[in-house]
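What follows is one structure encoded as structure tokens, with my remarks underneath.
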Amino acid sequence: MAGIRILKDKCVGCKLCVGACPFGAIVMIDKKAEITDACTLCGACVSACKFNAIDFERGAVANAVDVSKYSGIWVFAEQKDGEPESIAYELLGVGRELADARNTALSAVIIGSNLDDACRKLITKGADKVYSVDDASLEKFNDESYSGIFSQLIYKNKPEIVLLGATTYGRSLAPRVASRINTGLTADCTKLEIDPTDGKLLQTRPAFGGNLMATIVCPNHRPQMATVRHKVMKEMEADESRVGEIIRPEVNIPRDLVVKVKDVVKTITEMVPLTEADIIVSGGRGMGDPKNFALISELAEVLGGAVGASRATVDAGWIEYSHQVGQTGQTVGPQVYFACGISGAIQHLAGMSSSDTIIAINKNPDAPIFKVANFGIVGDVMEVLPLLIKEFKSALK
Ligand SMILES: Cc1cc2nc3c(=O)[nH]c(=O)nc-3n(C[C@H](O)[C@H](O)[C@H](O)COP(=O)(O)OP(=O)(O)OC[C@H]3O[C@@H](n4cnc5c(N)ncnc54)[C@H](O)[C@@H]3O)c2cc1C
Ligand code: SF4
Ligand code: SF4
């Protein structure tokens, strides 16, 4: 049974625990700490007490597994039309570092149809092994069949870590698999590393609206599962000389599916997709009016880039959600990011601060965006953008 109590003889009444409790569950009575019914047994107060005055017992964990039976790092290699998506390579990049730190193998799991070329590419990008489930019925992503197959592979092979992209497909697949195999899942990680003291995966992600970073561990269940945001991890350079093993595992392919994917309709756009763009020109509320976004599109077009937007403009109906950059939009990491009339709220920064170069245009010299910008232009977007468009047009002629 889990439990917590204050050791009154040790408590000196310093109140450090009161500030450390996120649930306001500690009160001071007669200069001694008291735990109230609001306590959730989160354990956060224990390390705050410098006097060892908090006795905390976590209790037995339901369905804990023997973690020593699990080894190897796996990444789910998302593909479309038999071609791995760039998120698969990014996962291999961070997976390679984790595998080297754990001195174990890095495997990619790919599910689809006509995958031979893809398997080879995954090896050149860092995989030691590729589990390829190749069947014509699996050509299009389907939550039900893909999660069934992926769960079978995990059950049989017992990897210690499984990573998926925090993409539309990955976000749908990961929780289904985690619940089937009865393990935890940390969503939207921005940093992954191995704890050198015990080999566990330290999974870091923004929490409380991006105001702090939380590091999460999965101590008693395996595999340790995480989804990782696109464009946060770096791909390895392809190495054509790398050799690896391609495994075609025997699995039961679910055929009697409740949901059948009849067709996949691709969005047709002349512009570069936001998450793949090397240059992004983003507009915020400071653009003043939806029609002024024409300047954003024009600059993006001149530079061969994509159009981004703040949530304020998306909420106002100025532009579609697919353009939103930030915590509740897309995460991007272009070479150059133009923030035009964007204040630089923390939720916006969460989606673009890993850009190589940030150029901000804002009429308020104290706007927070200037704190992350490499270059700042204090001025009116309606005056600055036409000048930039003119200059770039003539320079790129
Ligand atoms: C849970 C949660 C999730 C969120 N997720 C996101 C997210 O994913 N993405 C996101 O962007 N936001 C997100 N937000 C909203 C975020 O907090 C901000 O409200 C939003 O980013 C503000 O958008 P903005 O910078 O365009 O507008 P404002 O904050 O209104 O900033 C407008 C800026 O334009 C400048 N300006 C005005 N006129 C001009 C001019 N003529 N020329 C130059 N500059 C000018 C102003 O000085 C100001 O700095 C989220 C909020 C919450 C609570
Ligand atoms: S931090 Fe420890 S010593 Fe200080 S009030 Fe809390 S329980 Fe008592
Ligand atoms: S265990 Fe968590 S909720 Fe309970 S008193 Fe300590 S910090 Fe507060």
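The values are calculated or read from the model by the stated rules, or taken from the named source; none is laboratory data. Model, not experiment: these values are computed from the prediction. Positions of Cβ are generated from backbone atoms using ideal geometry, with glycine treated the same way; all protein chains shown enter the neighbour counts. Each accessible area value is taken on the protein alone, full model and side chains, heavy atoms only, with ligands, DNA and RNA left out. Shrake-Rupley method; radii C 1.70, N 1.55, O 1.52, S 1.80 Å.
What the table shows:
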read-out	value
Any hit, the stretch 29-43, residues being within 30 Å of Ala101 (Cβ to Cβ) and either within 11 Å of ligand 3 (Cβ to nearest atom) or outside any strand (DSSP E or B) (or both)	yes
Any strands (runs of 3 or more DSSP E) falling wholly within the stretch 171-231 and containing at least 2 residues that are under 22 Å from Ala345 (Cα atoms)	185-189, 201-207, 212-216
Qualifying strands (runs of 3 or more DSSP E) (wholly inside the stretch 45-143; at least 3 residues being surrounded by 24 or more Cβ atoms within 10 Å (Cβ to Cβ))	73-76, 106-112
Residues of the stretch 9-18 classified as open to solvent by 70 Å² or more (accessible area, probe 1.4 Å) and within 15 Å of ligand 3 (Cβ to nearest atom), total	2
Among the residues listed as Asp188, Asp195, the single one being of a type outside the set (Phe, Trp, Tyr), closer than 20 Å to Ala101 by Cα and assigned by TED's automatic domain parsing to the domain that holds Ala101	Asp195
Restricting the stretch 251-297 to residues that are without any contact (Cβ under 8 Å) to a residue 40 or more places away in the chain and closer than 17 Å to Ala360 by Cα, the residue that is least open to solvent (accessible area, probe 1.4 Å)	Phe293
